[in-house]
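Notes follow once the structure below has been shown.
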Amino acid sequence: MIFKWPVRVYYEDTDLGGVVYYANYLKFMERARTEWLRALGFDQTALARDHGVVFVVSSLTIDYLRPAAFNDELTVTVELEKLGAGQIILRQTVARAAEALATASVRIGCVNTATFRPARIPEPVVARIGNPA
């Protein structure tokens, strides 16, 4: 299942050249991952409170393919590539219509909120991510 999140480019997202500043693609992707979890029924504040875990980006590889500009309507996707005991690997794309502008592979680790050491992903999350009805 591919999760899609709409984003509009605001003036604040652009650089002096009028295109989206490269780091803002990461912000768009972060928001999409948060909304993906929310759509699956998991609020990150509740995960920390109830399970004592948070998700952190442990590595990311991104390819910038085409520029986005002020007022563009974009779609950011989140797609599960691999689900492990303590990590999730996602494929993300930022696109304008059918044109991919940036693609990324994002490794998300689950860590304990008290120690920030690796932790197992809570079973309710594993069950839902593995079977996104």
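All of the numbers you see were taken from the coordinates with simple rules; none came from a lab. All of these numbers come straight from a predicted model, not from anything done at the bench. For neighbour counting, all protein chains shown are included, and Cβ atoms are generated from backbone atoms with ideal geometry for every residue, glycine included.
Quick notes
- Distance (nanometres) between label positions extended 7 Å along Cα→Cβ at Tyr11 and Phe70: 0.6 nm
- A full extension of the chain between Asn112 and Ala48 corresponds to an added length of 22.2 nm, given 0.36 nm per residue minus the alpha carbon distance.
- Each Cα pair under 8 Å and six or more residues apart adds its sequence gap; the mean of these over the residue count of the chain is a relative contact order of 28 percent.
- Working note: Karplus 6.51/-1.76/1.60 with θ = phi - 60° gives the stretch 106-118 the couplings 10, 9, 10, x, 9, 10, 6, 5, 7, 10, 6, 9, x Hz, where Gly and Pro are set to x.
- When the charge dipole of the chain is built from unit charges on Cβ atoms (+1 for Lys and Arg, -1 for Asp and Glu) and taken about the Cα centre, the candidate among Ser59, Thr103, Ala23 whose Cα reaches farthest toward its positive end is Ser59.
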